[in-house]
Amino acid sequence: MYSRIIGTGSYLPSRIVDNHELERMVDTSDEWIRTRTGIVQRHIAAEGEFTSDLAEAAARRAIDAAGIDPNEIDLIVVATTTPDLVFPSTATLVQHRLGIRGCPAFDIQAVCAGFMYALDIVDKYIRTGAAHNVLVIGAETFSRIIDWTDRNTCVLFGDGAGAMVIRADEEHGILSSHIHADGAYKELLWVPVGVSNGGAELEAGRAFTRMKGNEVFRWAVNAMSDIALDALKHNNMSVDEVDWVVPHQANVRIIHAIGKRLGVSPDKLVITVCDHGNTSAASVPLAFDVAVRDGRFKPGDVILLEGFGGGFTWGSVLLRY
Ligand code: COA
């Protein structure tokens, strides 16, 4: 059995913040942001708009595209680092809104690699026959853990959600998935405040992302290049057999560096970071949905997905669409 994507959807909050708006908030420039990151704009959730709202909207679009009844879904997995609540999980909030009862629903947290982790788990459920129609969502309101006075981070991130409905299928689907983590690097990319150690910082609303950008950059390029090669080797495939690469959307320079290392021509790289910024766990399913809807992906295409995030965590999924 393969895990086949039968419907995709995405959602972006309506408010767009362009680089010029950021120029008025921190010491930066449109030119710096464009040349160092490729980012032109990002979407930011409205006050009172939460991760579950974004996730629900993306899920409804994916379910519509799949043409199934929500009650056929027998597993819901949400990848997020910015859940609405400590508990219950965002997955159960979305489940309830969709009018689904009884099926398992849980969140997973692997920051920007979260969607790779979610697909890896879902694939194992499907291959073992434990699930047949799965709703998998990456959704974030990352703007809520950004210090909007810190130019090192605030220009990079945005909010959004992407979703897939995945069905057990005898022919096409996920060929392999590979996920990894190394907790030795937590201080290169983290929010050094949480629930258990939150204290005054949490109460003061200072749970913000901190990052050593250039070290993360190097790590991201190396990890995502290596894992792509692992995926190809595992499937006995050459890079020429890959039709599309959908990498984590953090920085256009990271994406092009990976493409160059792999020897993938730039027109096979799906790039949405310019319009969305880095939406963490939502970035890959969002980019995937964009390419589905603009007609780039054709049935049978071989597509490589990749993620990299805090932890560090990283992963890839190779699939036949
Ligand atoms: N506007 C203007 N200048 C900025 C700036 C901004 N928004 N952010 C940083 N700078 C400055 C720095 O302070 C530094 O100034 P200095 O030389 O006077 O100290 C200078 O620009 C260069 O900084 P550096 O960090 O070396 O730039 P860079 O080319 O590495 O680009 C990033 C910075 C953050 C864009 C890049 O490192 C990156 O994308 N890293 C990975 C981030 C990422 O992907 N994170 C999430 C992974 S899931």
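Where a number appears in this text, it was derived from the coordinates with a stated rule and is not lab data. The shown structure was predicted, so the numbers you read here are calculated from the model rather than taken from an experiment. Cβ atoms come from the backbone with ideal geometry, glycine included; neighbour counts cover every protein chain shown.
Each residue of segment 22-38 is assigned a 3J(HN,Hα), and the resulting list reads 5, 4, 7, 9, 9, 7, 8, 8, 4, 5, 4, 5, 5, 6, 7, 10, x Hz, derived from the Karplus form 6.51 cos²θ - 1.76 cosθ + 1.60 (θ = phi - 60°), x at Gly and Pro. Out of every Cα pair in segment 2-171, what percent are spaced more than 20 Å from each other? Considering segment 2-171, 53 percent of its Cα-Cα pairs are separated by more than 20 Å.
The radius of gyration of the Cα set in segment 126-221, together with its Dmax, comes out at 18.2, 54 angstrom. For segment 253-321, the equivalent ellipsoid built from the Cα gyration tensor has semi-axes of 19, 15, 13 Å, listed from largest to smallest. Using C-alpha pairs below 8 Å separated by at least 6 residues, the relative contact order for segment 175-320 is 36 percent.
Exposure here means at most 14 other Cβ atoms within 10 Å; with GluC sites (Glu not before Pro) in a DSSP loop as sites, the longest stretch of the chain lacking them is 172-321. For segment 80-147 and segment 234-248, what is the separation of their C-alpha centers, rounded to whole Å? Result: 26 Å between the Cα centres.
With viscosity set to 1.306 mPa s at 10 °C, what whole-number translational diffusion coefficient in µm²/s follows for segment 175-320 from Stokes-Einstein and a Kirkwood radius over Cα pairs?
Estimated diffusion coefficient is 98 µm²/s.
The trypsin sites (Lys or Arg not before Pro) of segment 1-80 that meet both conditions, a loop assignment by DSSP and at most 11 other Cβ atoms within 10 Å of the site Cβ, are R24.
In sequence order, segment 139-151 has phi-based couplings of 8, 8, 10, 5, 4, 6, 10, 10, 8, 6, 10, 9, 5 Hz under the Karplus curve 6.51 cos²θ - 1.76 cosθ + 1.60, θ = phi - 60°, and Gly or Pro positions carry x. Expressed in Å, the radius of gyration and Dmax of the Cα atoms of segment 97-144 are 12.3, 38. For the chain, how many pairs of lysine residues have a Cα-Cα distance under 26 Å, where the two are 8 or more positions apart or belong to different chains? Number of lysine pairs found: 10. Each 20 Å bin, from zero up to the one with the longest distance, holds this percent of the alpha carbon pairs of the chain: 35, 59, 6.
So for the chain, averaging the separation of alpha carbon pairs under 8 Å that are six or more residues apart and normalising by length, what relative contact order in percent results?
Answer for the chain is 26 percent.
The phi-based Karplus calculation (6.51 cos²θ - 1.76 cosθ + 1.60; θ = phi - 60°) puts the 3J(HN,Hα) values of segment 218-229 at 4, 4, 4, 5, 5, 5, 6, 6, 4, 6, 5, 5 Hz, whole numbers, x for Gly and Pro.
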